[in-house]
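Note sheet for the following structure.
The values are calculated or read from the model by the stated rules, or taken from the named source; none is laboratory data. Note that the structure is predicted; figures quoted are calculated from it, not measured. Methodologically, a virtual Cβ is constructed for each residue, glycine included, from the backbone with ideal geometry; neighbour enumeration extends over all protein chains shown. Side chains are part of the model used for accessible areas, which takes the heavy atoms of the whole protein and leaves out ligands, DNA and RNA. Shrake-Rupley method; radii C 1.70, N 1.55, O 1.52, S 1.80 Å.
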Amino acid sequence: MFQYSPSYFNYKDVILINVYPQKESVYQMSIYFKKFVPISKHQDQWFRHDLEGKQKVKNFHKTRIKLLAYNNSFFSSVIKDNGTGKLSLSYGVECIIFKEIATRLNITWDTYTSDDKDKWGTVWLNNTITGGALKWLYTKRVDVSFCSLWIDHIKSKFVDMSKFWTLTCLKFLVPKPRPLREKWDLLFKPFPLSLWLLILFSATLTTITVWILAGIQKKIGYQNIKAFTSLSATIFWIIGMMLLTNNPRTYRMGPIRHLINWWCMFILIMSTSFSSILYSFITSSEYTDIVLEVEDMVKANYHWGLTYPPPYEYILKMENPAHVKFSKRFVPEQGVDDRISRLKRGRYAILTKCLYEKHFMESDKVPVAMLNNLRTARTCLNQFYIGFGFAKRSPYARPANLVIQRIFESGLIDYWLSRVTEVHMSPATFKQVYDIKPRKSGHPSQLSYRQFKVVMVVWMVGCALSLAVFAVECRYSRGGTGHAQITPSVVAAAAAHTL
């Protein structure tokens, strides 16, 4: 068996850490013994020692402290023992981290909670604190507290904050865009305005040119061009060709036939393009405007709420007039049922948090089916570091910071967070929060009458106009042949037929 010696490491100071499931043993290469020797008598956790073997994490010898914790999504959970009536920590990332800190510092604790709606506590401009963890810590009713406390300079005036263990991102959860069924501008969408103007200009130019040339050819002696010698008749013939309902015979029309034939070719290409694009617009889904920023929510008349007064200056950017206006649309929530009813009514935003691309709310009892129809913005309103709160000048803060630093660098916190979300939270809660469109069912959506409503309306208007013109013609007996038959009724009926 190969044995290491100081010469193998070029006589440098070497520390060997042997990790076991329950404890870690630390050894140091000894030049005197020429082998690894233990540098800790009790063989306890390696991070209690630096390279010189000096203990860094203080042992508090089972000291009993007071802990304040709340039920706060997958951060922490407090349960009550029915037999003893005492509170204890259940699942939650911060619960796991605190238990690890307690094990390393060799402390025990009694768990407390409160009915404060504002779990964190608020510091007002006159330096008074109302309720929550800040009040309990400031008055030293407890020694330590956690409930996703944000680390900021205001809190540090009243309590000691630990090093951060994660970074949280604040976003608003809003309804996803809904598919549009009633498309009243459907007939104009296939072509842009510039193309519509080009078609109008081409039709006008062709009409005038054909009418002038028809008059010239009539004087020369051409007989089969009477349909185009009148300007009104020429307009109706050109429009009829555009609608693919009129196609005059060009036999023995002379040079004018070339203009008519090329106009028919032009209309064939444009009508084919129009029909193809119109089909795409009918069958493809369009959606309402997407809400991304606070400015969008203000324009769309959104409201928002929480079960406690929000810290506006932390959530919103109060120097922005749109954010100030949105802050005035805050309506306090009465509970989970109230939140669900507001979501069903629509135009309601929910404040949500994001950790490692996992989104969640403080109240996680909202049905998953509703969450699938919600989305968040990709950018954060604000970001905050999260840590543990300690009473001012607490002896536990500095040792706890070392433990937090070690387990953060080891990646254990990421692992614990993943485990908590996998075991205790529904994966569907965190899915599709970025999607612009609702989740697809795997099958094409069926067409409905709403998508053809505009076509039906145009058809009914055309039929009504044709009926009115027909009634007038019957009333005054204005029947006949030739271009007198090309009336607005013909055009309206032709338009309806084409659609």
Handout entry: Inter-label distance for Lys58 and Ser5, nm, one decimal - labels placed 7 Å from Cα along Cα-to-Cβ
Key = 4.5 nm
Completion exercise
So for segment 124-188, using the alpha carbon gyration tensor with a ≥ b ≥ c as root eigenvalues (a/c under 1.5 gives rounded; past that, a/b versus b/c decides prolate or oblate), I'd call it prolate
Problem - C-alpha center-to-center spacing [segment 183-205, segment 338-416] in angstrom - result: 52 Å
Problem - Lys157-Lys117 FRET efficiency (beta carbon distance; Förster radius 25 Å; 0.05 resolution) - result: 0.60
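Ignoring any ligand, DNA or RNA, what whole percent of the accessible area of segment 112-165 comes from carbon and sulfur when the probe is 1.4 angstrom? Present the calculation step by step, with values, prior to reporting the outcome.
Numbers: 1520 of 2750 Å².
Answer for segment 112-165 is 55 percent, counting heavy atoms of protein chains only.
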Practice task
Please give the contour-minus-distance gain from Ala300 to Lys328: 0.36 nm per residue of separation, less the Cα-Cα distance, rounded to one decimal in nm.
Solution key: 8.6 nm
Exercise for the section: Taking 7 Å along the Cα-to-C-beta vector as the label spot, tell me the Ser194-Phe266 distance in nanometres, rounded to one decimal. Expected result: 1.8 nm
Completion exercise
FRET efficiency (Ala464, Ser273; Cβ distance; R0 35 Å; to 0.05) is 0.75
Practice task
Could you pull out every residue, at least 5 positions away or on a different chain, whose amide H is within less than 5 Å of the one on Thr63? Hs are placed 1.01 Å off N in the peptide plane, and Pro or chain starts have none.
Solution key: Thr108
Handout entry: Normalised contact order of segment 86-156, rounded percent, pairs of Cα under 8 Å and 6 or more residues apart
Key = 24 percent
